[in-house]
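Data block below; observations after.
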Amino acid sequence: MDKNKQGIIAAQSGDIKEAQRLFMEAFAETPNNEGLFLNVARSMAMQRKHQELLIYFDHEFTSKGRRLNDPNSAMILAQSAVEMGFQEKAITILESTHERTDNVSIAVMLSEQLLKAGQLEKCQSMLAKTIKTTQQDDPSLITNLAITESELGNYKAAEQLYKRVIEIRPNDFLGYFNISHFMYETGEIVTAKTYLDKAESIVPNTPEAIKLRREIADSEGKENTTIAKIYHLIEFKAWGNAKNLLLEYRKEADQNKWMAAACELPKEQQVQLGVETECSPNLIVRQAKLLDEGDSMISRLINLVKNNASLAWNRAGKPTTGGYQTHEIFKNMDDNTINELIVMIKSQIGSINQPSIESHGVEISGWGVILKSGGFQKKHTHTESLASGVLYPKVPKLEHDYSGADGNIRFKGGETLTIAPYPGLMLLFPSYLPHETIPFTSNDERICIAFNIVT
């Protein structure tokens, strides 16, 4: 009996370690048989030997100038790379195989990784080409292209793609749900409800549909509806109309929500609104070296975040992409490290140029974020709070930094401010100021503690 068959029998009996040994011996005897390599890859992945698998692949293929053709092997390798935080390697593996196969499953996985890495133009080009060359109306490909177009601000194109999905599968819950969520995000509340009704008629009472319906209901209040209209105008670059609606709505609006929208406008419109100073990151973002790199508190904070039981990957409803995020870690915690940190943050509150904020009478609400290679945070605000901030206990050394901005935090107002974090750095800023994190490439992780100052 040949080694491969022996390996299959061992795997079927549950002895995956022995199966791996036999598959590797079989592949060594016939190194051009990618089916045998697939068995090796599967056995290693089942044991979560992700790093060992990647090293084995590099030895058998990369170092020998051989290219992998099997899509199933490529997807297992890419997933192992993702598990290890090597997002660029995952993309390289998938791209290499995709170039020669135009495999739809590879293209779907590749597009997901490109989206997570923020490589939107590359993702757009790859998906459009794949859809054209394969001549397949694959809903996953089209949906991911719709997401990409939306992220690029091409909302009309995104809408047409979402509609194409439901034309292909008129009885599919996900197609109607996705376009409903898209319409809600772009401020088309009535249309969003129509599509959501259809989705729920196909599959009733799903958690995601219930959550979306609640969000739609909450948005139908006068304030949220007006804000949604303003953002809709901003998204379509109707700057003048957005400015005029902000002027009309100024007295009634929640000040933080109003300012967050105003800060999305070009500086010319901000000047007309009289908020160019309040929307200038260079003037309102405060930097402080809160801790020295060797301070024991840094390691305590790292351990506190990494060992927190509430850590979740790409936590739903949060801007974290390609990373883990905790729930609340500041409140209701009898922890000396957190208590020390709260005192230190409060000592810096006076540097914020907001008269309404004093160190006494406020609370600190915060959470931990661990970003892996390729991870980032989408642009967002914290308008429910008085002010916001972030402390960096751990910042990786970057392997690639072509733009000079990998891993930096970026604030967007009348102008753009990009700050390179370092261990011990704390930033304080008005909660309405839009900010995001630029994706980075590293074998190490990036840990921060974000917080809001609340009453």
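Remarks
- Evaluation of Leu161 against the conditions (1) in contact with an Asp or Glu (Cβ under 7 Å, 6 or more places away or on another chain); (2) crowded, with 18+ Cβ neighbours inside 10 Å; (3) at pLDDT below 90 shows that the sole unmet condition is (3).
- Within the set Glu159, Glu99, Glu167, Glu112, the sole residue that is assigned to a helix (DSSP H, G or I) and closer than 25 Å to Lys237 by Cβ turns out to be Glu159.
- If only residues of segment 305-329 that are assigned to a loop (DSSP other than H, G, I, E, B) and of a type in the set (Lys, Arg) are counted, the one that is surrounded by the fewest Cβ atoms within 10 Å (Cβ to Cβ) is Lys318.
- Across segment 281-304, the number of residues qualifying as part of a loop (DSSP other than H, G, I, E, B) and either surrounded by fewer than 18 Cβ atoms within 10 Å (Cβ to Cβ) or β-branched (Val, Ile, Thr) (or both) comes to 5.
- Taking each residue of segment 42-65 that is closer than 12 Å to Ser80 by Cα and looking for partners that are at pLDDT 90 or above and of a type in the set (Ser, Thr, Tyr) with beta-carbon atoms closer than 8 Å, six or more apart or interchain, yields Met44/Tyr56; Met44/Ser80; Ala45/Ser80; His50/Ser80; Gln51/Ser80; Leu53/Ser80; Leu54/Ser80.
- Leading residue by the ranking (farthest from Ile349 (Cα to Cα)) among those in segment 364-379 that are more than 12 Å from the chain's Cα centre (by Cα) and of a type in the set (A, V, I, L, M, F, W, C): Trp367
The values are calculated or read from the model by the stated rules, or taken from the named source; none is laboratory data. The structure presented is a predicted model; accordingly, all values stated were derived computationally and were not measured. Neighbour counts are summed over all protein chains in view; Cβ atoms, including those assigned to glycine, are modelled from backbone coordinates with ideal geometry.
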